[in-house]
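Here's the structure, in structure tokens; my notes come after.
Nothing in this text is a laboratory measurement; each read-out follows from the coordinates by a stated rule. Keep in mind that this is a model prediction, so the values were computed, not measured. Every residue, glycine among them, receives a Cβ derived from its backbone with ideal geometry; neighbour counts consider all protein chains shown.
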Amino acid sequence: MTGSDAGREPPRPQPATTGRRAAASDPCEEALVFSITGPIARTDLPGLCDRVCALLERSGASRAVCDVTGVQVDAVTIDALARLQLAAHRRGCHVRLRRASPELRELVTFLGLRDVLAE
């Protein structure tokens, strides 16, 4: 951690609404909804992935929606989102982004991850 990160609480995925699931295109399938707030430091990545994986395992959802309102648009955020997608995929789940800023969508596209980190 840098001096500016000292004493800062690492980001935690937050359920968008306790116990809330978003309606899916298939009425029999629902999605887990959670949000990530930033800034995200590189040292936060393992814990963040662990917490999201725990949410996915408890829910048993095959779809998840990650609200990224207000996250910083940088390489660490993209790394975090790509890691979350990979971890979810390993658990039979797919994560979609919600409320991504135009800048975040542009960076995702520039890095060739638009199909991986879809909104």
* To do: Within the stretch 44-82, which residues have the backbone N less than 12 Å from the label spot 7 Å out from Phe110 along Cα→beta-carbon, could you tell me?
  => 73-75
* Taking Cα centroids, how far is the stretch 38-70 from the stretch 84-119 in Å? -> 12 Å
* Quick one: grab the alpha carbon gyration tensor of the stretch 27-72, order the square roots of its eigenvalues as a ≥ b ≥ c, and give me rounded if a/c is under 1.5, else prolate or oblate depending on whether a/b is larger than b/c. => oblate
